[in-house]
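As structure tokens, the structure follows; a few thoughts come after it.
The values are calculated or read from the model by the stated rules, or taken from the named source; none is laboratory data. In this text, all values refer to a predicted model and were calculated from it rather than measured experimentally. Every residue, glycine as well, gets a Cβ built from its backbone with ideal geometry; the counts of neighbours run over all protein chains shown.
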Amino acid sequence: MRIAIPAEDDRGLESNVSGHFGRAKYFVFVDVEDNEIKGYEVVEVPFEEHGPGDLPSFVKEHGGEVVLAYGMGRKAMSYFNELGIAVVTGAYGPIKDVVKAFIEQVLEVDPNWKEKIEWEKEHRGECGEH
């Protein structure tokens, strides 16, 4: 299984999950076999601006089968679903810990991520597509 996680920086498993999926500059692709992390790859997002479907296609091109993210808009979720990629939202913290918890089926997610993102948009004037 290959898990894709939007990252705050390029430190790989030591990075934190990005709080804003659509603005992540890096994705960490983690390879999992037999419930163990076997390797990972840090990939810089190749575009400054992106349109609908660009990030899901980017993840698909890099073999992502599951996306663990903090927040994500409905359109992006829909694109991922159309590509057969599962999405888990509300994930936060160090990527290594998030992946291990996901593998062990004990991942705790923030159930209030939507409200927090809505609050940020209202106070920063950001778009709601990501």
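Considering only residues in the range 4-24 that are modelled with pLDDT of 95 or more and charged (D, E, K, R), the one that is nearest to the chain's Cα centre (by Cα) turns out to be GLU8. Residues that are part of a loop (DSSP other than H, G, I, E, B) and of a type in the set (Lys, Arg) within the range 9-24 comprise just one, ARG11. Checking the structure you have, find out if any residue of the range 51-72 is touching a residue at least 24 places away in the same chain (Cβ under 8 Å), touching a Pro at 6+ places or on another chain (Cβ under 7 Å) and either within 23 Å of LYS114 (Cβ to Cβ) or β-branched (Val, Ile, Thr) (or both). Yes: the range 51-72 contains one or more residues that are touching a residue at least 24 places away in the same chain (Cβ under 8 Å), touching a Pro at 6+ places or on another chain (Cβ under 7 Å) and either within 23 Å of LYS114 (Cβ to Cβ) or β-branched (Val, Ile, Thr) (or both).
Being among the basic types (Lys, Arg), touching a residue at least 24 places away in the same chain (Cβ under 8 Å) and surrounded by 14 or more Cβ atoms within 10 Å (Cβ to Cβ), is that true of even one residue in the range 21-42? Within the range 21-42 (the criterion being among the basic types (Lys, Arg), touching a residue at least 24 places away in the same chain (Cβ under 8 Å) and surrounded by 14 or more Cβ atoms within 10 Å (Cβ to Cβ)), the answer is no, since none of the residues qualifies. Listed conditions (1) under 20 Å from PHE102 (Cβ atoms); (2) touching a helix residue (DSSP H, G or I) at 6+ places or on another chain (Cβ under 9 Å) are all met by ASP31, apart from (2). Restricting VAL30, VAL99 to those that are touching a Leu at 6+ places or on another chain (Cβ under 8 Å), assigned to a helix (DSSP H, G or I) and among the β-branched types (Val, Ile, Thr) reduces the list to VAL99.
I'd like the full set of residues that are surrounded by 20 or more Cβ atoms within 10 Å (Cβ to Cβ) and free of Cβ contacts under 8 Å to residues at least 60 places away in the same chain, limited to the range 1-20.
Scanning the range 1-20 gives a single hit, SER18.
Looking at the range 43-73, which of the residues that are aromatic (Phe, Trp, Tyr) and at pLDDT below 95 is surrounded by the fewest Cβ atoms within 10 Å (Cβ to Cβ)? Restricting to residues being aromatic (Phe, Trp, Tyr) and at pLDDT below 95, the top hit is PHE47.
Return the residues of the range 102-111 that are part of a loop (DSSP other than H, G, I, E, B), of a type outside the set (Asp, Glu) and within 21 Å of GLU33 (Cβ to Cβ); say none if nothing qualifies.
Residues of the range 102-111 that are part of a loop (DSSP other than H, G, I, E, B), as a first pass: 104-111.
Of the ones still in play, those that are also of a type outside the set (Asp, Glu) are 105-107, 109, 111.
Residues satisfying the conditions are GLN105, VAL106, LEU107.
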